[in-house]
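Scroll down for the structure; my scribbles are underneath it.
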Amino acid sequence: MRENTEFKLTRDCEAIQIPSGEKITLPAGTQGAITQSLGGSYTVATPTGLARILGTDADALGLEVSTPAAAEHSGELDEKAVWDQLKTCYDPEIPVTIVDLGLVYDCSITRDDGGAKVNVKMTLTAPGCGMGPTICAEARSKILSIPGVTDAEVDLVWDPVWNQGMISETGRMQLGLV
């Protein structure tokens, strides 16, 4: 991880404003610090606030472009492969996976002749979080990278309401809650 590494953007760079989820362009020359680099993206602090930059734009930060590999699994597609892949998705403000935060409620796989469709139900730590669509899109993209998956749907649900008791033991340890 490259936390608290200072940077100066070498070119204009697309980003997602945190927590609004709004797409923005950070201009070349913008200075700041990388606060989190997990799951193939970077959370950066700039004079205008926090933003998320994809690993495919790491060169703008002066870093090597990274594309995270799919979570490894062997054999036939199963729910474990999907859960493992979801463990590569991080909340942009909290350095914990969406699985360990307890945000993923359900995962199901429907098979047909052409492959498999994965349906995931997840929530957010707060209903007003503007990053919801971004986190869902990232989860969907990572699920689609699993061999044998031909379609994926990630739905935001609000029942049950998320609470800190849903954080896994691993997540609690990472957050210093134990």
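The values are calculated or read from the model by the stated rules, or taken from the named source; none is laboratory data. These numbers come from a predicted model, not from an experiment. The area values use the complete protein model at the heavy-atom level, side chains included, leaving out ligands, DNA and RNA. Shrake-Rupley method; radii C 1.70, N 1.55, O 1.52, S 1.80 Å.
Of the cross-linked pairs K8/K142; K87/K117; K80/K121; K23/K80, those separated by over 27 Å at the C-alpha level are K8/K142; K23/K80.
The ratio of the alpha-carbon radius of gyration of the chain to the globular-protein estimate 2.2 N^0.38 Å is 1.06. Relative to the longest principal axis of the Cα atoms of the chain, helix 132-144 runs at roughly 60 degrees. Look at the alpha carbon pairs under 8 Å that are at least 6 residues apart: their mean separation over the length of the chain gives a relative contact order of 18 percent.
Probing with 1.4 Å while keeping every protein chain in the model, the per residue accessible area of the stretch 15-122 equals 46 Å².
Remark on the stretch 139-178: hydrodynamic radius 12.8 angstrom, per the Kirkwood mean of 1/r across alpha carbon pairs.
First compute the accessible area of the stretch 125-178 with a 1.4 Å probe, then give the percent of it belonging to carbon and sulfur atoms. Carbon-and-sulfur percentage of accessible area, whole number: 56. For the stretch 98-170, the spread of Cα coordinates along the three principal axes comes to 40, 26, 21 Å, biggest extent given first.
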